[in-house]
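Notes to accompany the following structure.
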Amino acid sequence: MEMIQSLTPVYAVLVSLIAIIPIYLSRNNPNLREFWTILAAIVKFIIVLSLIPPLINGHTVGINLFEILPGISFGFRVDSLGLIFALMASFLWILTSFYSIGYMRSLKEHNQTRYFVCFAGSLSATIGAAFAANLFTMYIFYEALTLFTYPLIAHEETDEAFRGARIYLIYLLGTSIAFLLPAIIGTYLAAGSLEFVNGGLLAATASKGLSSTFLVVLFALFILGIAKAAIMPLHSWLPNAMVAPTPVSALLHAVAVVKMGVFVVLRVVLYVFGIDLMSALGIGTFLAYFASFTILLASIIALRQDNIKARLAYSTISQLSYIVVGVSLLSLSGVKGSILHIVVHAFSKITLFFWAGAMAVGAHKKYVSQLSGIAKKMPVSMAIFTVGALSLIGLPPFSGFLSKWYLLKGSLEAGLVPIAFVFMISSFLNACYFLPIIYIAYFGKISPEDEKDSHIKEAPKMMLVPMCITATMVILIFFFPGIVTSLIDLALNGIF
Amino acid sequence: MIEFIADKYNFWIAIVLMMIGFYAIIAKHNLVKKVIGLNIFQTSVFLFYISISKVNGGTAPIIWHPEGHAEVVYDNPLPHVLILTAIVVSVSVTAVALGIIVKLYKNYGSIEEDEIKLIEHNEPELDSK
Amino acid sequence: MIDFFTTHAPVLTIVVFIFGALLAPVFGRINNSLSYYCALITTALSFVLSVYLLFSVYNNAPLEYFLGGWKPPYGIEYRVDILNSFILSVVSFVSFLSVIYGYGSIKSEIYEKRHPAFYSVYLLFIGGMMGILITNDIFNMYVFLEITSLAGYALIAMGRTRYSYMASFNYLILGSVGATFFLIGIGYLYMQTGTLNLTDLAQRLQGHFDTNVVLVAIAFIVVGLMLKMAVFPLHFWLPDAYTYSPSVISAAMAGTSTKVAAYLLIRLMYTIFGIQAGFSGINFSGIIIVIASITILAGSIIAISQTDLKKMLAFSSIGQIGYILIGTAMVNKYAFAGGLLHILNHAMMKTALFMVAGGFFYKFTSTKINDLKGMGRQMPFASAMFLILSLSMVGIPLTVGFISKWYIILGAAQSGYWIVVPVILLSSLLTAIYFGRVVHNLFFKDSEASNTGILHAKIPYSMVSSTAVLVFLCIFFGVFAYMPVEISLKAAENIIGAMPWK
């Protein structure tokens, strides 16, 4: 594969970072400030889109900006895996921006400038990690994202918000310094480089006689270090981070933070260790079982949550492990399903979170038990919720069906029948915690106070339209999977 | 054992003086006594230096040519010179220390360390005089 | 004229300070601001000379300069190699920036009539350190050590609060004890060898490392220097000294004085005690690594519980000295380079942090962490700089803090001291905690009514610009780390490769 030297990925990262300046400067004029956010989001999406043609032609695009230490450089390299992630993130940023504007203005939140500044910063970090050419660059953006999202989570500035944000910071910063950094150092010591290599950086140097114990320990450090993937027992930051405003939760859960976690896991498995080395060491199977434990446990916990956002959070923890299990199956369909699930889950879950925000703004409801009969007053929102929920359960004609199909196929390809059962049981559990919401919303009896309350109405258009778009995407991907799978096939070309 | 002590009496003196000084530095609360302790401590080192410069059968290191003596053995003059410098340093340290004590007395009305800390604890953050 | 400067550059780096120190009070009689310019020019000149020396020894062999033309071992020899010229540049740079910073802050913190004396003593303080760095004669090192310490006592005592005197007095007692220990050690070494020149000492000590005399000498020297370095548990003087001294002095001291003591230990360990040659049956490296590890953790842990920003930074400094020690004691090229880089990096970070703290003090006359609530709004620029520096202290990539930690960990892994890796990572976490607390107060708390007592409305440009330069360098050298890394790697190669008695 030929590498085209180009600064385009740098621009893609910089757009939102530079946008911080006009956003901050126009802090006294909200309309102008929001204009900058939207402009940056659209420009960013266009830049990312412009990277598709060279990739389709079989090139990679990238540049090495500077070498910080011998063998460690700061550089970008766009391959199709990174591009999928970047496309998804930048597209959803546009929608989330509109949605945020509607949400923040409806609730008259304070400190909106800081909010939009940090939002733009987090997107830069996300795109940076997607396009990172090596572990070092990725680590920088991984940390940057943690720091940029901290003010977003602490946005409410209540004690509870600070507590949640503090836990968030301790978990993510702590694990990344205590485990991820040593893992990167270990990789550097073993391989003398940190670049992502098709087929595995360590696999290329494993012939030098690295002991398998060392490699297993290294892998364990990586998995422990990537707490953003929320594999149990390092998951509890995620429910605690629920104190953030809903658009932030949407960003955290669907677009940036957790998706970066699983994306890094994917990078480590596919490009640092490599499929062959993983299966030779037998750690793929181990990880698959380890993460399937999370799938089941998180689903069971989700059943018991009454708080809407907490239920969605545990659902996210469970769904993230789908992705981790998928890649650790080390089979073609498994990895394909795993990457597809990143996209599918992003669209489905952001739909659900947008819905949760709409509930908070339109009806001031935060608990599942309050939703009785709400569909009468908010029919559009509930329809959208139904789409997202059914997709996550894995029913056709919603895109969740596709990724689950591939994941199931992959587990059978890998010969791990118990994993296939885990997927099925978990689908059942998903149904158990989503369907009751739909049931009570449509068929439950609306309480007399709610009946009279004229404040309960659909959320503003600024929020409703993005919700509709994501819900439409959930269905579209089912009927036209080619827009995603063609890129996935391209990514997997060099690996399988 | 006795011989061991007697042979190295110069070291023993230095050690004893040093410990006396060290004791005063650590145990005394009075700042002037601390300074005195520091002085004793440093003096022990000076004595140690001077004692190691002694050469068996040597005389004071002043050049002379007595009749009938072909070879004159001198003590080593270098430690004397070094210690002259060290004494100067020690005097300056004492001067600075006493200066600071004067200032402390003006500000706190006491030269007892624990009293000063107590006063500072009770009414901190006053501009110095 | 240029010729004169180049041939006598080693001695000139010190002579400028002595002349400066003499001239500052004389000029001060005419006009106070003249003495300021005297200090400014002196430090600038010494910085230029140091950088010249660094370049010349980097490209050529080490420079030897015989004072008064007397050949060693009879005369005093000044010897410049990459190691000490590197630290010379760091020290002179920090002191130069501190003088610029002082233009604003000294006026508000030190009584007008003391200014000329202040500058004079300040120049002696820096000049003494330059002397320690450049001389190759162990007794000369002691004399310079005392010069710089004496000046340091006086500088701390010039602080605005009355407790500054007590802080200074404590430092004086402990500092003198440390220096006297060093003096005893020198006496024992002289007893064994009859020489004071380092090169000569190294040769004559060969084969005598197992004698009690030399062991006692080493013990005294190491303990004495560790006192000067404020290694845990000999650190008691440092927190008060940094907290109660004027802002300029906190900044300059944090960047220079303990590092110079560290240099002294490194120099003696490698050049005469031959730590790299497996010293006499005692695991010298191991002992120092254990002490340094304890220092790192203890400093960081105590820092967490502090309520005063300057005191917190002081305890953090104690921990950071551990990094320098741990890196240089491992006898590994990369670790040594990491330790050396940390001298530069920590000098920049901590000086800048104390400068920011001084900025807060300048505006609100308080450095209590609780009084800093809501500063992010009132002093956005200073708070932003503080944030960047905190990240650098934690060791986030693209800042200098990362570079030195990276090299130390690399060296530790290479030489098999695995214990060092968790120590450094744990301390990074602790650092994140105690800086996180302050950053949280700066940006996420609303200011309270109690801290509205604004002393000065605006921070002068001199203070802002000098801090900004350091913050910029913290990022610049974190991204383009090549130059310092190359220099320190070469210094490490030279000093580890050279057997002391050859």
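Considering (1) within 14 Å of chain C (Cβ to nearest Cβ); (2) within 26 Å of A:PHE354 (Cα to Cα); (3) surrounded by fewer than 18 Cβ atoms within 10 Å (Cβ to Cβ); (4) of a type in the set (Val, Ile, Thr), the lone condition that A:ILE21 does not fulfil carries the number (2). Residue count for segment B:17-45 satisfying the condition of being within 9 Å of another protein chain (Cβ to nearest Cβ) and aromatic (Phe, Trp, Tyr): 2. Quick one: how many residues across segment B:86-121 are surrounded by fewer than 15 Cβ atoms within 10 Å (Cβ to Cβ) and either facing another protein chain (nearest Cβ under 7 Å) or touching a Lys or Arg at 6+ places or on another chain (Cβ under 8 Å) (or both)? Here the count works out to 2.
Residues in segment C:63-113 that are surrounded by fewer than 19 Cβ atoms within 10 Å (Cβ to Cβ) and of a type in the set (S, T, N, Q): C:SER108 only.
One line per residue, one yes/no per condition, for (1) touching a strand residue (DSSP E or B) at 6+ places or on another chain (Cβ under 6 Å); (2) at pLDDT below 90; (3) crowded, with 24+ Cβ neighbours inside 10 Å; (4) assigned to a helix (DSSP H, G or I):
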site: C:ASN170; (1), (2), (3), (4): no, no, no, yes
site: C:GLY185; (1), (2), (3), (4): no, no, yes, yes
site: C:LEU201; (1), (2), (3), (4): no, yes, yes, yes
site: C:PHE209; (1), (2), (3), (4): no, yes, no, no
site: C:THR271; (1), (2), (3), (4): no, yes, no, yes
site: C:PHE279; (1), (2), (3), (4): no, yes, no, no
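With respect to the conditions (1) surrounded by fewer than 20 Cβ atoms within 10 Å (Cβ to Cβ); (2) within 23 Å of C:ILE321 (Cα to Cα); (3) at the interface with another protein chain (Cβ under 10 Å from one of its Cβ atoms), C:GLY416 lacks only one, and its number is (3). When C:PHE181 is tested against (1) more than 21 Å from the chain's Cα centre (by Cα); (2) surrounded by fewer than 24 Cβ atoms within 10 Å (Cβ to Cβ); (3) not hydroxyl-bearing (Ser, Thr, Tyr), exactly one condition is not met: (1). Can you say whether C:PHE125 is under 27 Å from C:VAL471 (Cα atoms), assigned to a helix (DSSP H, G or I), at pLDDT 90 or above and within 14 Å of another protein chain (Cβ to nearest Cβ), as far as the supplied structure shows? Yes: the conditions hold for C:PHE125.
Grab the helices (runs of 4 or more DSSP H) fully contained in segment A:133-198, keeping just those with 3 or more residues being within 11 Å of another protein chain (Cβ to nearest Cβ) and touching a strand residue (DSSP E or B) at 6+ places or on another chain (Cβ under 8 Å). Answer list for segment A:133-198: A:135-153.
The residue that is nearest to the other protein chains (Cβ to nearest Cβ), among those in segment C:364-408 that are free of Cβ contacts under 8 Å to residues at least 60 places away in the same chain and within 30 Å of C:ILE326 (Cα to Cα), is C:ILE396.
So that you can scan it fast, the table gives a plain yes or no per residue for (1) surrounded by fewer than 24 Cβ atoms within 10 Å (Cβ to Cβ); (2) not aliphatic (A, V, I, L, M):
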| site | (1), (2) |
| --- | --- |
| A:ILE94 | yes, no |
| A:ARG105 | yes, yes |
| A:GLN112 | yes, yes |
| A:ALA129 | no, no |
| A:PHE162 | yes, yes |
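Inspect segment C:437-459 for any residue being within 30 Å of A:ALA190 (Cα to Cα) and either free of Cβ contacts under 8 Å to residues at least 60 places away in the same chain or more than 10 Å from chain A (Cβ to nearest Cβ) (or both) and give the result as yes or no. No, every residue in segment C:437-459 fails to be within 30 Å of A:ALA190 (Cα to Cα) and either free of Cβ contacts under 8 Å to residues at least 60 places away in the same chain or more than 10 Å from chain A (Cβ to nearest Cβ) (or both).
Where in segment B:1-55 are the helices (runs of 4 or more DSSP H), entirely inside, with at least 1 residues that are within 16 Å of C:VAL177 (Cα to Cα)? Quick ask: steps written out before the conclusion?
On the way: elements: B:2-7, B:9-27, B:31-52.
Those helices (runs of 4 or more DSSP H) span B:9-27, B:31-52.
The number of residues in segment C:65-82 being within 11 Å of C:ILE134 (Cβ to Cβ) and touching a residue at least 60 places away in the same chain (Cβ under 8 Å) comes to 6. Taking segment C:26-47 as the range and being over 28 Å from C:SER85 (Cβ atoms) and among the small types (Gly, Ala, Ser) as the test, the residues that pass are C:GLY28, C:SER33, C:SER35.
Residues in segment C:10-19 that are crowded, with 20+ Cβ neighbours inside 10 Å and either over 14 Å from C:SER92 (Cα atoms) or in contact with a strand residue (DSSP E or B) (Cβ under 6 Å, 6 or more places away or on another chain) (or both): C:PRO10 alone.
The values are calculated or read from the model by the stated rules, or taken from the named source; none is laboratory data. Please read these numbers as outputs of a predicted model, since none were measured by experiment. So basically every Cβ, Gly included, is an ideal-geometry build from the backbone, and we count neighbours across all protein chains shown.
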